[in-house]
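Every number in this text was worked out from the coordinates using simple rules, so none of it is lab data. The shown structure was predicted, so the numbers you read here are calculated from the model rather than taken from an experiment. No Cβ is skipped: glycine too gets one built from the backbone with ideal geometry, and neighbour counts run over all protein chains shown.
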Amino acid sequence: MKNKFFEEMWNNLKAYEEAKANGGRPEHPYTAGQTEAARSYFYGGSKVEDEILVGSGLWEKDIPDFIDTLRKAGIKNLVTTDHSTGLMGNLHGFEAEGCKLEGLCKITEEDFLGGTKEIQAIRFSL
C-alpha cells in the first residue's frame with residue numbers, strides 16, 4: 001500500500017537524516033506528532049489502506065499534530081495496541097481531536113518467524 005502523502009514525508013525525513021549525517025545542521029521538517037504519524041504508517045504494519053496501527057510512543061502533547069497529519073493523508077481509522085501507562089491520556093486525546101471510539105477489536109500480526117498472533121486493540125474513526 002502506497003500513500004503519496006506519507007511517501008513525500010518519508011523522503012523529506014530521509015533527506016533531513018542524510019544532511020545531519022553529512023555534518024549539516026538542518027531544521028527538522030516536521031513536528032514530533034507529524035513524524036510519529038509517518039513512522040506509524042511505515043512501521044505499523046496495517047494491512048488496511050485507510051487505517052493505521054499505533055503502538056506505544058505517542059506523547060499526549062503530540063496528538064493534535066498526529067491526528068491532523070493522519071487526516072491530511074486520508075487515513076480514516078486508527079487502531080491502537082498501546083499498553084503503556086500513557087494509554088488513558090492518549091484515548092482522551094484522540095477524543096479531544098474529534099476521533100470517535102468505535103470499540104475493542106483484535107488484529108492479526110505476523111511474528112518474526114512467519115507465524116501470526118492476535119493482539120487486543122482499540123479502534124477509532126477519524
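Points to keep in mind about this one:
- Selection from Phe124, Pro29, Leu58, by position along the positive dipole direction of the chain (Cβ): Pro29
- Restraint check, Lys61/Lys106; Lys4/Lys76; Lys2/Lys76; Lys4/Lys72; Lys2/Lys72, Cα-Cα greater than 19 Å: Lys61/Lys106
- Cα-based reach from Lys20 at 14 Å (exclusive), listing aspartates and glutamates while leaving out same-chain residues under 8 positions away: none
- Structure remark: mean-square fluctuation, Gaussian network model of the chain, C-alpha springs under 10 Å; the largest value among Ala32, Ala21, Ala73 belongs to Ala21.
- Ordered by the number of other Cβ atoms lying within 10 Å of each residue's own Cβ, fewest first, Glu7, Glu18, Glu97 fall into the sequence Glu18, Glu7, Glu97.
- Inter-site label distance for Lys61 and His92 at 7 Å from Cα along Cβ, in nm: 1.7 nm
- Taking Arg39, Arg71, Arg25 in turn, the Gaussian network model of the chain (Cα-Cα springs below 10 Å) assigns the largest fluctuation to Arg25.
- Semi-axes of the equivalent ellipsoid for the chain, Cα gyration tensor, largest first, Å: 25, 18, 14
- Here is how the number arises for the chain: DSSP H runs of 4 or more residues each give -39500 (n - 2.57), the sum is divided by the residue count, and the result at 222 nm is -12500 deg cm²/dmol.
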